[in-house]
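Novice: The structure is given below, and queries will be raised subsequently.
The values are calculated or read from the model by the stated rules, or taken from the named source; none is laboratory data. Fair warning: this is a prediction, and the values are worked out from it, not measured in the lab. Heads up, the Cβs are rebuilt from the backbone with ideal geometry, glycines too, and the neighbour counts pull from every protein chain shown. Ligands, DNA and RNA are stripped out before the accessible areas are found, and what is left, the full protein with its side chains, is counted by its heavy atoms. Shrake-Rupley method; radii C 1.70, N 1.55, O 1.52, S 1.80 Å.
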Amino acid sequence: MKNFLLFLSIFISFGLFAGDLKEDLKNATNDSDKISILSEMGKSGDSKFVKPITEQLEKGESSKIRSQAASSLGELKAGINELQKAFDNDDIYVREAAIEALAKIGNSKSQSYFEKGVKDKSEKIRFYSVQGLSKVGRSGNAPIFRNAIEWKDKPTQLAAIRGLGNINAWDEWKYVKPFCSNQDKDFVMACLYSAGKFKTDESLLAIEGLLASQDTEISKEAFDAISNFKPAQVIPTLIRFKKSNPNHPNLADLSANLKKLKAAKQYAIINVSDRLNLRSKANERSEVITGLQGNSVVEIISREPRKYIITNSKGEEMEDFWYQVKTSDGKKGFLFGEYIQVVDSY
């Protein structure tokens with residue numbers, strides 16, 4: 001009973017405290033108290049505090065109060081119009097807080113403010129503008145992000161890398177790619193994020209190289225990035241990964257993803273160093289349809305019921321099955337089993 005009463009007392013006290021913040025703000029007589037209360041309002045996540053915070057942004061006597069009001073609106077992701085007005089008309093400290101709040105909100109209504117902000121005299125405003133623009137930018141903003149990658153501010157650099165991915169500026173990949181091998185994990189994660197957005201063969205190669213990372217966060221980000229690709233693009237990568245990493249902890253999820261992608265049950269990885277002939281029939285004298293690169297992946301359609309013996313270029317005899325396969329571009333033909341490795345997709 002005592003424990004219950006104690007819990008009830010704490011609950012009621014907390015409720016009264018939360019409800020009293022508005023009244024506390026009205027009764028506060030000095031800047032530090034008002035700033036503290038505005039901060040609590042922002043941290044609360046409660047939209048009922050938007051109005052009193054907005055009033056302080058518009059009418060607060062000191063710059064510090066108005067700056068905190070702007071920051072609190074950013075925490076609540078509210079007051080876009082009022083923040084934009086403050087950015088247009090207030091002093092440098094409030095303008096910096098306002099653009100940071102708008103960046104945190106990340107609404108497309110603020111795009112023009114971010115584009116204007118990247119040219120501002122204030123370094124902070126330029127940084128926050130890039131961070132906001134990374135969420136709502138368009139293709140024409142690629143030069144802004146490319147330039148910001150060179151700035152010596154890590155959060156802004158990370159935002160710029162992600163921004164290029166978000167606007168799908170695939171031709172800017174050469175500026176993003178080096179970060180996939182950066183020593184700083186945050187840059188690697190940002191690179192992987194954009195690689196998944198670009199969805200090009202080159203960005204897929206970068207992702208493939210990090211799927212088996214010993215860092216579980218990087219590996220997960222790589223798998224998240226690869227999920228953006230079309231099945232035809234990504235299935236060969238996943239099959240190669242499964243072959244090379246038979247004990248990887250993500251293998252169960254990988255098999256589930258392959259099933260979701262409607263992958264075939266079996267694939268073959270070309271196990272030669274140069275090229276392997278795809279033949280029209282299940283014998284070594286039949287017409288060559290095309291040459292397949294080593295380590296490329298084909299879908300297995302069927303396996304011939306009997307083994308055959310063929311002689312390789314060294315004069316050695318090899319016995320194995322012929323497999324009918326289909327390439328990624330739809331060509332069908334036969335490959336000899338000694339030159340391939342069969343991998344079950346799930």
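Novice: Just name the residue that is most open to solvent (accessible area, probe 1.4 Å) out of those in the stretch 62-99 that are over 34 Å from the mean Cα position of the chain (by Cα) and under 16 Å from residue 36 (Cβ atoms).
Specialist: So, considering only residues that are over 34 Å from the mean Cα position of the chain (by Cα) and under 16 Å from residue 36 (Cβ atoms), the one most open to solvent (accessible area, probe 1.4 Å) is 64.
Novice: Could I ask something else about it? Restricting to the stretch 276-308, give me the number of residues that are assigned to a strand (DSSP E or B) and either within 17 Å of residue 240 (Cβ to Cβ) or among the aliphatic types (A, V, I, L, M) (or both).
Specialist: Qualifying residue count, the stretch 276-308: 11.
Novice: Name the one entry in 183, 131 that is under 30 Å from residue 205 (Cα atoms) and loosely packed, with under 14 Cβ neighbours inside 10 Å. Steps first, please.
Specialist: Working: 131 fails: loosely packed, with under 14 Cβ neighbours inside 10 Å.
Residue meeting the stated conditions: 183.
Novice: Also: Six or more apart or on different chains, Cβ atoms under 7 Å: show the pairs whose first residue is in the stretch 116-141 and within 16 Å of residue 164 (Cα to Cα) and without any contact (Cβ under 8 Å) to a residue 40 or more places away in the chain and whose second is small (Gly, Ala, Ser) and open to solvent by 50 Å² or more (accessible area, probe 1.4 Å).
Specialist: Filtered contacts from the stretch 116-141: 136/108.
Novice: Okay, moving on. If a residue has to be within 16 Å of residue 295 (Cα to Cα) and in contact (Cβ under 8 Å) with a residue 40 or more places away in the chain to count, how many in the stretch 314-343 make the cut?
Specialist: The total comes to 10.
Novice: Only one of 194, 213 is on the phi < 0 side of the Ramachandran plot and surrounded by 20 or more Cβ atoms within 10 Å (Cβ to Cβ). Can you tell me which?
Specialist: So the residue among 194, 213 that is on the phi < 0 side of the Ramachandran plot and surrounded by 20 or more Cβ atoms within 10 Å (Cβ to Cβ) is 194.
Novice: Look at residue 269 and say whether it is of a type in the set (Val, Ile, Thr) and within 30 Å of residue 185 (Cα to Cα).
Specialist: no
Novice: Oh, and also: Being hydrophobic (A, V, I, L, M, F, W, C), crowded, with 16+ Cβ neighbours inside 10 Å and over 20 Å from residue 343 (Cβ atoms): is that true of residue 206 here? Before you say what the answer is, go through the steps one by one.
Specialist: Values: hydrophobic (A, V, I, L, M, F, W, C): yes; crowded, with 16+ Cβ neighbours inside 10 Å: yes; over 20 Å from residue 343 (Cβ atoms): yes.
Considered against the rule, which asks whether it is hydrophobic (A, V, I, L, M, F, W, C), crowded, with 16+ Cβ neighbours inside 10 Å and over 20 Å from residue 343 (Cβ atoms), residue 206 comes out as yes.
Novice: Between a first residue in the stretch 62-90 that is on the phi > 0 side of the Ramachandran plot and a second residue that is open to solvent by 10 Å² or more (accessible area, probe 1.4 Å), which pairs have beta carbons less than 6 Å apart while being 6 or more apart in sequence or on different chains?
Specialist: Matching pairs, first to second residue: 77/105; 79/54.
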